[in-house]
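Coordinate-derived values only; no laboratory data. As the structure is a prediction and not an experimental result, all values here were calculated from the model. Cβ: placed from backbone, ideal geometry, glycine included. Neighbour counts: every protein chain shown.
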Amino acid sequence: MKTRIKRLEIKNYRQYEHLELNFDDDKNLYAFMARNHVGKTNIINAISWCLYGDEPFKDKNENDKLLSAHLANNRDTKYSKIKVTIEAEIDDHRILYKRSLIETDDANLDQNKFEVFLFDNGDWKESEEPNPNYFVEKFLPKSLRYFFMFPGEDLKNLFTDGYEINLKKNVHIVSNVTLIEETIKHLDQILTETEKEETRLHPELGDVVGQLTSIKTQLKQDNDSLIKNKEVLIERESKIKEMRSQQDAINIHKELISRMRETEARLISEEDHLRIYEINYKSLLGKLAPFVFLYKELGDFSMNLYSLEDTGDLPPKVTSEFIEDLIVKKNKGKCICGNIINEASVKSLELLLKDINSSAENMYLYDSNIHLARISREIISSYGLIKELKTHIIDTKAKIDNQSKLKKELSMKISHEGEVVGTLEDTIRRYDEEVDKIKKTIWQNEQDILSATSIKKELEDKLKESEMSKKLLVFHSTKRELLEEIIKKYQELLGESVKKTRSIMSNTIRVYFKELFWDTVEFTNIFLNENYEIILEKNIGGNIVVQPLTQLSGGEKICLGYSLMKGLAELSGFSEVPVFIDGPISDIDEGVKETFLEKLPTFMMKKQLFIFFKADTSIERYISSNLNIIQAFRLEKRENGLTTVREWN
Amino acid sequence: MKTSGQRDLLIDQNIRDAFIDEIDKIKDELGIFSEKTDIYLMSAIFGFINKVHSASKKKVSIRQIHELNEDQELIIYTLGYAEKKSVDLLKPDPESGKELFKLIEEYANSGAPLLHEMVMHRSDNSKNFEEIVWDKIKEIHEIKKT
């Protein structure tokens, strides 16, 4: 990438009230010469401030405020805008970098603005790039600037103890070896994590499958057990229900038996009644039957006896009733015949009675008459009784019929004997106990199933994850293999890059050190070893001896340092970015200085070189005699502390 | 009983065996006749009603006459009166007695089969002995009411 600064404008920045420099396109070397503390370094600072917003080479004694004291004291210019503008060209694209600042008494209220403009169709247009630093990075990345902007005096300090570490770091940064190393480091991290995942996933999978198989078997067993138990439960409960219904029936039957027994008892009772009624009925009928059949004859007989009685052929019978009557009447004193009735009368009548009865011929007829009357009365009076008996008999028979029918019905309804009921009750009790046990077992089954189902789900989820894990394992394994390969490639690349880098650096250092200073007789070789130590070999008396860097003179070190910077610049890929060297040949001996100045135009080929020289006769002479290739500027400080810059013609 | 002439109530042996005894065997079941004498006398009544005499070939005793109760005596007297339409047969002399009991005997001989038939072989459609007696009692009651 070809980068050139075409114009620099500085306004109100430190000692520069207004400086505008246009850099010739046909030259690559731009020299700024001034005494100390005039402001040479601040030009570099201004450029740095414009691009990066900071001043890396600011003198420690200098104020933080960019506005110079002179300007700050002037009321008109106190709040003037500080502005630095760099017009650059990067690969034929013109870019304007502009940073401005309005400083106030409160730094928090300072207004700092950075803009980038692109030249398009004859006009500058503000870039639409949201991050203007993009264009800064294109010009010169901030991380590399110290290889392009450096104080020359500091170069000799590059080779203190442990310089090789810094050198290695810088070489690797500019050559992107660091990037490769960081990439490898990053890939290593990913590899480690991948390996961890791989290791983790491996044992998991086998476990889960095994556990899942086991729990599925368990679940099936539990389910089978549950189904079986439920079937048994249904069967038992059905049986119990059936038995209970039977028992109900039997209880009903027991009740029926009880009722039947009651019925039988009633039946017996009624039959007893019936028997009595029938006996009485039949007895009465039997007794009356002959007289009933002979009723007419009895009537005739009775009539005839009454006739005899009327005719006197049938004497009255002195009966005991007649005597009793008389005895009763005794109390009243007189008999019907008029005689007084006393004890003697009664006794004599009793004797008389015996005699009459023993001799009367027709007394049997008298008796018969009495009997006839009684029989007749009995036949008549018996009607009601017999009728009642008959009614009783009919009713009782009806009752007996009913009771018998009932008994028969009841008998038919009774199906099982009492022992069956008892057996049934025992069986029901046993079944009830069994049902309780089964229900408990079922509950346990269900709990086991719930638990196993939950575990199964977890395992299935785990398996899904495991499936995922399997896929992940394959993925991670593949990833690991890939990573290993990539890391290997990167390591090869790193090895090659390091080797190449070191080689380039070695060559560059050798080439430029040789050009700048090399005493070919004295130095035979210079290179970077594996540890990034610069090895200087000298031929002393035919022997190749390594020259310790500490034994180099200051000038030699500066030259070595320039060579190093050159090498770094070449490695960075920004080899055509302008270089700013502040005080490049201070503190080096004249011989080296001359060689340096002589080599200067070609030292940084294809790129702009901005050198800020401390005022020096030899340098002034050099510049004057090379104005055809050098664009030179003189810096002078005025009384007001501000610096002016005039082109050296 | 004041009438005498013989000691026992007599009946033909065959009649007794075939009918009286048969009825006597079931008298408890029938409930109508308390004793064999009642069967005998009812037989005599049936014989009287049908006006059939039947002499005995071989006489056997049913009961001693002095053991008869008042109702049984009355039946005999009534039959004796009904036969002659006078009390002459009922006189307490031996001759009258013999004649009376002969009458009863012959009536019983003829009446026993009839009674037996009624008691033992009644059909379901015809009334039984009790029903016939009851009907007669009802008839008497109705007559008496009017």
Spelling it out for A:Ala31: with amide H atoms placed in the peptide plane at 1.01 Å from N, the residues 5 or more places away or on another chain with amide H under 5 Å from its amide H are A:Ile611, A:Gln631, A:Ala632, A:Phe633
Taking only Cα atoms, what is the 0 to 90° angle, nearest 10, from helix A:40-52's long axis to the longest principal axis of chain A? 30 degrees
Expected sort for A:614-623, B:67-76 on mean C-beta neighbours within 10 Å, highest first, is B:67-76, A:614-623
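Compute the signed sum of charges (Lys and Arg +1, Asp and Glu -1) over the other residues within less than 13 Å, Cβ to Cβ, of A:Phe612.
With Lys, Arg at +1 and Asp, Glu at -1, the neighbours total +1.
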When you look at the Cβ of every residue in B:36-45, what mean number of other chain Cβ atoms sits within 10 Å? 2
Output the antiparallel fraction of DSSP beta bridges having both residues in the protein assembly as shown, as a percent to the nearest 5. 75 percent
Using +1 at the Cβ of each Lys and Arg and -1 at the Cβ of each Asp and Glu in chain A, identify which of A:Ser624, A:Leu528, A:Thr104 lies farthest towards the dipole's positive end. A:Thr104
With θ set to phi - 60° and the Karplus curve 6.51 cos²θ - 1.76 cosθ + 1.60, what are the ³J(HN,Hα) couplings of segment A:144-152 in order, to the nearest whole Hz, using x for Gly and Pro? 9, 4, 5, 8, 10, 10, 8, x, x
Relative packing of peptides A:289-298, A:539-548, A:179-188 - highest average C-beta neighbours within 10 Å first: A:289-298, A:179-188, A:539-548
So, with +1 on the Cβ of K and R and -1 on the Cβ of D and E, and no other charges, what is the size of the charge dipole of the protein assembly as shown about its Cα centre, to the nearest 20 debye? 740 debye
What percentages make up the Cα-Cα pair-distance distribution of chain A when the bins are 10 Å wide from 0? 3, 9, 11, 10, 7, 5, 4, 4, 4, 4, 4, 3, 3, 3, 3, 3, 3, 3, 4, 4, 3, 1, 0
When Lys and Arg each count +1 and Asp and Glu each count -1, what net charge do the other residues less than 11 Å away from A:Thr453, Cβ to Cβ, add up to? -2
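Taking the Cα centre of segment A:492-649 as origin, sum charge times position over the Cβ atoms of Lys and Arg (+1) and Asp and Glu (-1), and report the length of that vector in debye to the nearest 20.
In total the dipole reaches around 340 debye.
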How many Cβ atoms of partner chains, on average, are near each residue of A:280-287 if near means within 10 Å of its Cβ? 6
Two-site FRET efficiency, A:Asn342 against B:His66, from Cβ-Cβ distance with R₀ of 56 Å, rounded to 0.05: 0.90
Towards the positive end of the charge dipole of segment A:174-235, with charges on Cβ (+1 Lys, Arg; -1 Asp, Glu), say which of A:Ile234, A:Val209, A:Asn223 has the farthest Cα. A:Ile234
Tell me the angle of helix A:163-174 to the major Cα principal axis of chain A, expressed in degrees between 0 and 90 and rounded to the nearest ten. 70 degrees
To the nearest 0.05, the calculated FRET efficiency linking A:Ser625 and A:Val545 through their beta-carbon distance, R0 being 30 Å, is 0.15
Sort A:553-563, A:635-645, B:132-142 by the packing proxy (mean of other Cβ within 10 Å over each peptide's residues), most packed first. A:553-563, B:132-142, A:635-645
Percent of all Cα-Cα pairs per 10 Å bin for segment A:153-217, counting from 0 up to the last occupied bin, reads 17, 21, 18, 14, 11, 9, 6, 3, 0
Once A:Glu237 and A:Asp106 are pulled to full extension, the length gained, defined as 0.36 nm per residue separation minus their Cα-Cα distance, is 37.6 nm
Toy charge model, Lys and Arg Cβ at +1, Asp and Glu Cβ at -1: segment A:557-628 dipole around Cα centroid in debye, rounded to 20, equals 200 debye
Show me, bin by bin at 5 Å from 0, the whole-percent P(r) of segment A:2-49 based on Cα pairs. 5, 17, 28, 27, 16, 6, 1
Can you pull the mean other chain C-beta count within 10 Å for peptide B:65-77? 4
What does the helix-only formula give at 222 nm for chain A: each DSSP H stretch with n ≥ 4 adding -39500 (n - 2.57), the total divided by the residues, and the result rounded to the nearest 500 deg cm²/dmol? -22000 deg cm²/dmol
P(r) tail for chain B, what percent of Cα pairs lie past 20 Å? 48 percent
